[in-house]
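Everything on this sheet refers to the single structure shown next.
The values are calculated or read from the model by the stated rules, or taken from the named source; none is laboratory data. For clarity, every value in this text was computed on a predicted model and none was experimentally measured. No Cβ is skipped: glycine too gets one built from the backbone with ideal geometry, and neighbour counts run over all protein chains shown. For accessibility, only protein heavy atoms count, side chains too; no ligands or nucleic acids. Shrake-Rupley method; radii C 1.70, N 1.55, O 1.52, S 1.80 Å.
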Amino acid sequence: MAPDAKAAGAGGVTAPTRTLIVGSGAREHALAWKLAAEPGMNEVVVAPGSAAIGTEPRVRCLPSIDPLDAEAVVAAARAISAELVVVGPEMPLAAGVVDALRNAGIRTFGPTQAAARLETSKAFCHEVAEAAGVRMARARVFSEGEEAAARGYVAELGAEGGGVVLKQDGLAAGKGVTVYDDTGLALDHVRSHLAGRGPGPALVVEERLAGHEASVIAICDGREAVALPASRDHKRLCDGDLGPNTGGMGAYSPLPDLPDDAVAGVIDTVHRPILAELARRGTPFLGFLYAGLILTGDGPVLLECNARLGDPEAQVLLPRLAVPLGPVLAAAARRDLAASVGAWPAGLPVLPGASVGIVLASDGYPATPKRGLPIEGIESAEAEGALVFHGGSIGRPGGGYGTNGGRVLTVVGRGADLARARDVAERAADLISWDGLQRRHDIAASLPPAPAVAIGAGR
Ligand code: AMP
Ligand code: GLY
């Protein structure tokens, strides 16, 4: 490899020149777009990627690779002599793809199957957070034979009047959580959550907390953490936070109520204690550690951990970064983030301004998305200055794209502030159409005020 390609990047770390990204969603599209544009990066290969991802300069896709097939991913990484592999979605993490890559001696950014349990088991996340002294909503975990006890706990929380939340233990693509105002309805649903689940944790019953949500994601090397700015996802399908939970219908960053300079406080009170606890247990967490928070009147409370970048959070965060990401991910993969932490104790530097991302989803999402419909207007949206990241699209034989999944596109507007970024995203999203397209029109429309007291100040 050319010596200049290995030049030290910002933060005293070196840039990878060939990177493999595992995944095919809009998050992986944003990652490929970001990494491929960085100095020293010769090629980004995405497995399997998609027709749209493959149109990015210096990006190539391997459509035949099954991202859950660890052997195939290892073979692909070897075939392209990848200096870094980044695993995007939760399913390959849960399947142990990172373990296989590391066992093969391939430098990989992502958690092992054991560390990814933070996301794959909400019960495990509660257990680790409690041991680490990180505050989460009050909750208890129940298994199949414990219906009476689960109903008793639902009734107990319900009697406090704040509502209850039922969460399936295990991966559910953001759709295994139901928030109830009506305790009676939650009681009725306990049985269906527990039936047929077999031994082990099945259902988490949690107190419902009130407040705005925030996603704080850090790049972790097992011990150290470097923060990305905070962002806010909108999980419900419809405007006004109505309708079913989804994987996420839109996001924005920065947050008035959790400004970029306050994120370090969250990393100190949430991410670092969790990293320390996992390291103590012999399962250090190396990868993107995502804390889903609710900002209560009493400070931030952890709702969930994910073991990866958020989608659509990544689509608004990555365009905000002012520095190359590849060298930082490579340093973390070498378990050597100290120089990056030293250079950027408050988190990765960002460009001035804001980004707002609107997810365009198929008819029938989140239950049964309709596929195969032609998509119109992507080029016009890009001509408005928006970035269009593809999740569930497919190339059509005659050119152009069709729908091929639930969340099809994320349209990202950038601007000097959130209002201007939102304006670009809205105008661009209005230009894209297909039959039955669903989207929200209120992403970043009403913003919470800045906090009176600095977040994290009380620790
Ligand atoms: P989770 O997958 O645990 O983040 O839950 C998905 C969504 O459900 C969250 O983003 C919140 O909107 C909502 N939610 C989860 N837990 C709670 C809770 N304890 N109180 C209020 N809302 C919650
Ligand atoms: N947008 C939430 C998630 O990625 O889990």
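Summary of computed values
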{"read-out": "Extension gain from residue 370 to residue 334, taking 0.36 nm per residue of separation minus the Cα-Cα distance", "value": "8.7 nm"}
{"read-out": "Accessible surface of region 20-124, 1.4 Å probe, proportion on carbon and sulfur as whole %", "value": "51 percent"}
{"read-out": "Cross-link reach list, aspartates and glutamates versus residue 122, counting only Cα pairs under 17 Å and skipping chain neighbours closer than eight places", "value": "90, 130, 144, 169, 206, 207, 277, 304"}
{"read-out": "Modelled label reach - residue 382, point 7 Å along Cα→Cβ, region 49-64 residues with backbone N closer than 12 Å", "value": "52-57"}
{"read-out": "Computed [θ] at 222 nm, helices only, for the chain once each DSSP H run of length n ≥ 4 contributes -39500 (n - 2.57)", "value": "-7500 deg cm²/dmol"}
{"read-out": "Distance (nanometres) between label positions extended 7 Å along Cα→Cβ at residue 60 and residue 130", "value": "5.1 nm"}
{"read-out": "Hull shadow area, averaged, region 252-332 [alpha-carbon convex hull, nm²]", "value": "6.2 nm²"}
{"read-out": "Cα centre as origin, Lys/Arg/Asp/Glu Cβ charges: region 132-284 dipole, Debye", "value": "440 debye"}
{"read-out": "Dimensions (Å) - region 74-132, Cα atoms, principal axes, largest first", "value": "42, 19, 15"}
{"read-out": "Inverse of mean 1/r across different Cα pairs in the chain, Kirkwood, Å", "value": "22.3 Å"}
{"read-out": "Cα pair distances in region 198-293, grouped into 10 Å bins until the bin that holds the longest one, percent each", "value": "14, 36, 35, 14, 1"}
{"read-out": "Rounded Å value of the spacing that divides the Cα centres of region 131-208 and region 261-291", "value": "25 Å"}
{"read-out": "Gyration tensor (alpha-carbon) shape descriptor, region 156-228, a/c threshold 1.5", "value": "oblate"}
{"read-out": "Cβ-derived FRET efficiency at R0 41 Å, residue 103 paired with residue 441, nearest 0.05", "value": "0.30"}
{"read-out": "FRET efficiency estimate (nearest 0.05) - Cβ-Cβ, residue 346 to residue 42, R0 35 angstrom", "value": "0.65"}
{"read-out": "Radius, Kirkwood style, for region 1-131 when every pair of distinct Cα atoms is counted (Å)", "value": "15.3 Å"}
{"read-out": "Point-charge dipole on Cβ atoms (K/R +1, D/E -1) for region 135-193, about Cα centre, debye to 20", "value": "240 debye"}
{"read-out": "Dipole moment magnitude, nearest 20 debye, the chain about Cα centre, only Lys, Arg, Asp, Glu C-beta charged", "value": "900 debye"}
{"read-out": "Reach of residue 34 by Cα under 16 Å, taken over aspartates and glutamates that are not fewer than 8 positions away in the same chain", "value": "43, 56, 311, 313"}
{"read-out": "Region 285-385 - Rg and Dmax from Cα coordinates, angstrom", "value": "18.0, 49"}
{"read-out": "Qualifying aspartates and glutamates (Cα of each under 14 Å from Cα of residue 370; at least 8 residues distant if same chain)", "value": "435"}
{"read-out": "Measure of compaction for region 86-186 (Cα Rg per 2.2 N^0.38 Å)", "value": "1.34"}
{"read-out": "Charge sum, other residues only, whose C-beta stays under 11 Å from residue 89's C-beta, Lys/Arg counted +1 and Asp/Glu -1", "value": "-2"}
{"read-out": "Extension gain, residue 280 back to residue 188 (0.36 nm per residue minus Cα-Cα distance, nm)", "value": "29.1 nm"}
{"read-out": "Estimated D of region 316-459 in µm² per second, where Rh is the Kirkwood radius over Cα pairs and Stokes-Einstein applies at 10 °C, 1.306 mPa s", "value": "91 µm²/s"}
